[in-house]
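Just so it is clear, none of the values below were taken in a lab; they were calculated from the coordinates. Here the structure is a predicted model, which means the values were calculated and not measured. As a convention, Cβ positions derive from the backbone with ideal geometry for all residues, glycine included, and neighbour counts pool all protein chains shown.
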Amino acid sequence: MHELSVVNSLIELCEKNAKANNAEKITKVEVKIGKLSGIEPHFLKLTFDTFKDKTVCENAELVMDIQNVVVKCLSCGDERAIENNEFICKACGGEVKVIDGEEMILMRLEME
């Protein structure tokens, strides 16, 4: 379960941002999770809720925005979100590259 190391890194990042902004606590953590990131949202939330105690995130709500995979065709330049891991351009049949949906990004923190 690699979500534990992800949560540890997320909480460390939250603590660093809280300190830099002279905040005593974080009330909301918003993250964007790409469908190809390898992160299971259910396990991330469960792990976050379990390990946030006695940290700056103790009372924080975790809000997750699940990002579809977005590809761009290397031939025609068409960009679109894909649903079923169809890594071929629907416009021209060309090769595509993934331009979004592979990572987890901390988008926003609400602090007090």
Starting from the amide H of K35, placed 1.01 Å from N in the peptide plane, find each other amide H under 5 Å away whose residue is 5 or more places distant or on another chain. Q67, V69
Rounded to whole Hz, the Karplus (6.51, -1.76, 1.60) HN-Hα couplings of the stretch 74-82, x for glycine and proline: 6, 8, 9, x, 4, 10, 6, 7, 10
Putting +1 on Lys and Arg Cβ atoms and -1 on Asp and Glu Cβ atoms, find which of A20, S9, T47 reaches farthest to the positive end of the dipole of the chain. A20
May I ask for the distance between the Cα centers of the stretch 1-63 and the stretch 88-112, given as a whole number of Å? 21
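Among the DSSP beta bridges whose two residues both lie in the chain, what percent are antiparallel, rounded to the nearest 5?
So the antiparallel bridges amount to about 70 percent of the total.
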What is the set of long-range amide H partners of R80 at a cut-off below 5 Å, with H atoms built 1.01 Å from backbone N? V71
Output row, site R108, 7 Å Cα→C-beta label point, backbone N cut-off 17 Å, window the stretch 54-74, residues 60-67
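Let's see if you can work this out: charge +1 on each Lys and Arg Cβ, -1 on each Asp and Glu Cβ, no other charges. What is the dipole magnitude of the stretch 59-111 about its Cα centre, in debye to the nearest 20?
200
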Relative contact order %, the chain, counting alpha carbon pairs below 8 Å whose residues are six or more apart: 36
From the helices alone, meaning DSSP H stretches of at least four residues, give me the mean residue ellipticity at 222 nm for the chain, per-run term -39500 (n - 2.57), in deg cm²/dmol to the nearest 500. -8500 deg cm²/dmol
Which Cα, out of V71, M111, N84, lies furthest along the positive dipole direction of the chain (beta carbon charges, K/R +1, D/E -1)? V71
Ranked highest first by average number of other Cβ atoms within 10 Å, how do 29-39, 3-13 line up? 29-39, 3-13
Can you work out ³J(HN,Hα) from phi for every residue in the stretch 2-18, in order, using Karplus 6.51 cos²θ - 1.76 cosθ + 1.60 and θ = phi - 60°, giving whole Hz and x for Gly and Pro? 6, 4, 4, 5, 5, 5, 4, 5, 5, 5, 4, 5, 5, 5, 4, 5, 5
Under the Kirkwood approximation applied to all pairs of distinct alpha-carbon atoms, what is the hydrodynamic radius of the stretch 3-111 in Å? 15.3
Report, by chain and number, residues whose modeled amide H sits under 5 Å from the one on V63, excluding near sequence neighbours (fewer than 5 apart, same chain). V29, E30, V31
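Determine the dipole magnitude for the chain: charges of +1 sit on the beta-carbon of Lys and Arg, -1 on that of Asp and Glu, nothing else is charged, the reference point is the Cα centre, and the result goes in debye to the nearest 20.
That gives the chain a dipole magnitude of about 140 debye.
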Each label sits 7 Å from Cα toward the beta-carbon; between N22 and D65 the label points are separated, in nm, by 2.9
